[in-house]
Amino acid sequence: MLAESRWAELAEQAKPMPRKFRLEPSGKIHKPKRERRAFDNSVVHPPTPYECWFDGACEPVNPGGTGAYAMVVRLDGRTVYEEYFVIRDWPRIMTNNVGEYYGLLAILRYLAKEKIQGRVTVFGDSAMVIKQMQGCMGISKGIYAPLALQAREVSLPGVEIYYRWIPREKNTECDALAERALAVWSWNRGEPTKRAMEVLSVPREVPGGYVPTGQARAE
């Protein structure tokens, strides 16, 4: 901060200048910027026993389409849980970011429900979501904001989560599950698209997860 005498000196020098270029003291209080963490996308070592993936979708248009999410949980490389649903309880316009956060919150609910302890790595192909969960990016006033704040406030005692970004081509399983949820949705409505028919023609076993109708399948 400049001393008052220095401000007065600079203001005197600036008088001949056009007003928009004048340097004048401001009465506003300048709040210090909040320090944010540096983005960390390094390989977690040693690998965590639990690894989770999530993805979201909004089709056929984003925003304003039908939303879906998917999540996969693996323990020591073996898939132990999958979940994929069409989003029907979101009261505002649907976006892809909303779907992404639904997928992440599904993982956090699973960790809480199963009382998982220890280290967990969560992978997602949304750089925005990963950076916000790491604390190196702020949460804006976007439609997804309530979900992001909810995810940040989830308390999981005894759990250490590492959030890591992956490119979409390495998140193909969750991407396919979200697409499958949308395909089942269109089928149940009696309006299956050509793509939905192609997706549903491939049989899939769900190990302990849920189909989009909400009916649990036996392990």
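The values are calculated or read from the model by the stated rules, or taken from the named source; none is laboratory data. Just so we're clear, the structure is a prediction, and the values are computed from it rather than from any experiment. Using ideal geometry, Cβ is built from the backbone for each residue, glycine included, and neighbour counts are taken over all protein chains shown.
GLU51 fails exactly one of the following numbered conditions: (1) part of a strand (DSSP E or B); (2) at pLDDT below 90. What is the number of that condition?
In the conditions (1) part of a strand (DSSP E or B); (2) at pLDDT below 90, GLU51 misses (2) alone.
I'd like to check something: does the stretch 139-159 contain any residue that is part of a strand (DSSP E or B), modelled with pLDDT of 95 or more and over 14 Å from the mean Cα position of the chain (by Cα)?
Among the residues of the stretch 139-159, at least one is part of a strand (DSSP E or B), modelled with pLDDT of 95 or more and over 14 Å from the mean Cα position of the chain (by Cα), which makes the answer yes.
So which residues in the stretch 48-65 are out of contact with any helix residue (DSSP H, G or I) (no Cβ under 6 Å at 6 or more places or on another chain), surrounded by 13 or more Cβ atoms within 10 Å (Cβ to Cβ) and not acidic (Asp, Glu)?
Result: THR48, PRO49, TYR50, PRO63, GLY65.
Are any residues in the stretch 69-113 touching a residue at least 24 places away in the same chain (Cβ under 8 Å) and among the charged types (D, E, K, R), and if so, which ones?
Residues satisfying the conditions are ARG74, ASP76, GLU82, GLU83, ARG92, GLU100.
Quick test of your reading of the structure: GLU82 fulfils all but one of (1) part of a helix (DSSP H, G or I); (2) in contact with a strand residue (DSSP E or B) (Cβ under 8 Å, 6 or more places away or on another chain); (3) not hydroxyl-bearing (Ser, Thr, Tyr). Name the failing condition by number.
It fails just one condition, (1).
Being surrounded by fewer than 20 Cβ atoms within 10 Å (Cβ to Cβ), of a type in the set (Val, Ile, Thr) and modelled with pLDDT of 95 or more: is that true of THR121 here?
For THR121, the condition - surrounded by fewer than 20 Cβ atoms within 10 Å (Cβ to Cβ), of a type in the set (Val, Ile, Thr) and modelled with pLDDT of 95 or more - is met.
What do you reckon, is PRO91 at pLDDT 95 or above, closer than 20 Å to CYS58 by Cβ and either surrounded by fewer than 19 Cβ atoms within 10 Å (Cβ to Cβ) or in contact with a Gly (Cβ under 6 Å, 6 or more places away or on another chain) (or both)?
So PRO91 fails the test.
Here is a list: ILE130, ILE107. Which entry is assigned to a helix (DSSP H, G or I), closer than 30 Å to ARG189 by Cα and β-branched (Val, Ile, Thr)?
Matching residue, one of ILE130, ILE107: ILE107.
Select, from GLY64, GLY99, the only residue that is on the phi > 0 side of the Ramachandran plot and of a type outside the set (S, T, N, Q).
Checking each option against the conditions leaves just GLY64.
Could you identify the single residue in PRO157, PRO146, PRO167 that is touching a residue at least 12 places away in the same chain (Cβ under 8 Å), over 21 Å from PRO60 (Cβ atoms) and in the same structural domain as TYR102 (by TED's automatic domain parsing)?
PRO167
Is the stretch 170-178 home to any residue that is touching a residue at least 60 places away in the same chain (Cβ under 8 Å), in the same structural domain as ARG74 (by TED's automatic domain parsing) and in a loop (DSSP other than H, G, I, E, B)?
Yes, that holds for at least one residue.
Name the single residue, out of those in the stretch 125-161 being exposed (fewer than 13 other Cβ atoms within 10 Å of the Cβ) and among the hydroxyl-bearing types (Ser, Thr, Tyr), that is nearest to GLY67 (Cα to Cα).
Per the criteria, the residue is SER140.
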